[in-house]
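These notes concern the structure reproduced below.
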Ligand code: GLU
């Protein structure tokens, strides 16, 4: 058996050049360094955080911490926390800055899920700020006239894919419940940066260049990202006064400044009339009716912990929970052992089979939500993992379901984009939020300084298969199934880890693997987020290209897996809460952890 060590796994992570880009928000790590943004010059704290990340060390603090995908956003959140603001306050400041400096990944035009641990009450709450399908959406939204699914980008680019944004309402709701800082003050950092200008980061510049053709299709988008016909360059100074105006509408009027009035009117006009040959049906009524939903958190026992996160319409916590719940039947071998990756890989394949069959927006389709993470069901499914080889095939199981219902497997297409924010405040509250506009640059439609999402393409393009309905089909008002997995890990009723990642449906593998690395392999948060990825969903076993984990290929192939090297661009941001705080930021992206 080929030998390699954990040192080899992590040591090679950033050492080798990676292959070509594979999706719109995928950039090789060496292109995503801080060089173009000049981040180190922002402040000594940012410089120190970047240094810690480069050296593979977590950032340590005592009172508060924020880990987020861009140093400007980290600074905005840190300033709020330093002044006694809560994690919810800091999130509003960080999210509004992210929408400016990392506009391709998340922003006002998108949606998000938030998990909150409240130190005063000890309660865990999850808020669903997912986009909704417009009331005029029809089941065949993503099919051509003969009923065949549209090509992915034919569906994405334009108005058709735009769901009712949820992020502005989520900011307002989180602040209403848990904020202490004056709402208006939270918009100041983003307004100042939008008006004063910021340096385009290396990552943003590389992504604009890779997507130039699609961005060029709409005048407002082209004007901003391709000024004078040229893609924005790294280090170039960029202002966004239109975004500053939109933020003022929100600051002065709350969520109504977005969901009604001139901003809402412009969104509707752009989707219906400004999207060329691919208009959408989003209306003023959809915006007026939008509501954040509080959902019951999903918690699954793993080792001595409870792993808690966002339930339907996200498949995140259920699928992460299924993977870990099955692994709970086994002692986990070390990270050097191919056996560990067989267990993780096949637990993941089994979980994805259930995900494809059963998971969607529970407000619209009956789901065996409790049955899917019932420890007895998972222990039974885990028996399938007892052999030494890859399972020849996997099929959905039969969780306890109080509905007699036959459904077909989902066919949604998912490419990675998105951003994750983890925050602990000085009161002991913990926030874990994954936020997205779906594909890199979303629908490519830009309104008043922000991009509109393409979240509706997270629905299955087909409604039925072999005569059976697909749970995640388009329906008016429904929320598309997500993979986002903002997570808080609890031990004896107290939070010990906040974590989450972008990455499309690979989010599930990234988060589950990082939790195994932290809980079973004793890695600190920085090691856990930097660990090379091996992800298995429903096809090949994807091994992170250019890292030591590729050395697993021969053993995995011998076990019966088909193996593929892939650029696996996660963006894990994590905070460990123990004796003090430790923050980790994914070395594949531009983010940092800041704390005090
Ligand atoms: N839209 C995806 C989801 O909600 C996230 C996209 C991504 O992470 O790139 O699952």
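Applying D = kT/(6 pi eta Rh) to the range 264-366, where Rh is the Kirkwood radius over alpha-carbon pairs, T corresponds to 4 °C and eta to 1.567 mPa s, the Stokes-Einstein value obtained is 76 µm²/s.
Tell me, 521, 64 in order of fewest to most beta-carbon neighbours within 10 Å?
521, 64
Ranked from largest, the principal axis spans of the Cα set of the chain equal 61, 58, 48 Å. When the alpha carbon coordinates of the range 425-473 are projected onto the principal axes, the ranges are 55, 32, 14 Å, largest first.
Peptides 532-542, 382-392, 568-578, 87-97: what's the order by average Cβ count within 10 Å, highest mean first?
Packing order, densest peptide first, comes out as 87-97, 568-578, 532-542, 382-392.
For the listed peptides 426-438, 166-178, 190-202, 44-56, a ranking on the average number of other beta carbons within 10 Å per residue, highest first, reads 426-438, 166-178, 190-202, 44-56. Pair-distance distribution of the range 286-443: all C-alpha pairs, bin width 5 Å, starting at 0; shares per bin in whole percent are 2, 8, 15, 18, 19, 17, 13, 7, 3, 1, 0, 0. In terms of surrounding Cβ atoms within a 10 Å radius of their Cβ, 308, 299 rank from fewest to most as 299, 308.
Using the number of other C-beta atoms within 10 angstrom as an exposure proxy, rank 582, 566 with the fewest first. Before the final figure, lay out each step's value.
Working: 582 23, 566 20.
Least to most surrounded, the residues fall as 566, 582.
Antiparallel as a % of all DSSP beta bridges within the range 491-596, to the nearest 5?
Given both bridge residues lie in the range 491-596, the antiparallel proportion sits at roughly 75 percent.
For the pair the range 190-235 and the range 250-308, the centres of their Cα atoms are 24 angstrom apart. Note: relative contact order over the chain, using C-alpha pairs below 8 Å and six or more positions apart, is 26 percent.
When ranked by the protection proxy of mean other Cβ atoms within 10 Å per residue, highest first, what sequence do the peptides 269-282, 127-140 form?
Numbers: 269-282: 18.1, 127-140: 22.1.
Averaged packing, sorted descending, gives the order 127-140, 269-282.
In the range 550-596, the C-alpha radius of gyration followed by the widest Cα-Cα span (Dmax) gives 16.7, 49 angstrom. Here, the range 454-554 has an Rg and a Dmax of 17.3, 49 Å when only alpha carbons are counted.
For the pair the range 472-504 / the range 544-585, the C-alpha centres are spaced 20 Å from each other.
When N counts the residues of the range 171-267, how does its alpha-carbon radius of gyration compare numerically with 2.2 N^0.38 Å, as a ratio? Cα Rg divided by the expected 2.2 N^0.38 Å: 1.26.
In this simple spin-label model, placing a label point 7 Å from the Cα along the Cα-to-Cβ direction at both residue 291 and residue 252 gives a separation of 2.9 nm.
D by Stokes-Einstein for the range 88-240, Kirkwood Rh over Cα pairs, 25 °C, 0.890 mPa s: 137 µm²/s.
Since every read-out is calculated from the coordinates, none of them should be taken as a lab result. It should be emphasised that the depicted structure is a prediction, and the values quoted were computed from it without experimental measurement. Counting neighbours? That spans all protein chains shown, and the Cβs are built from the backbone with ideal geometry, glycine included.
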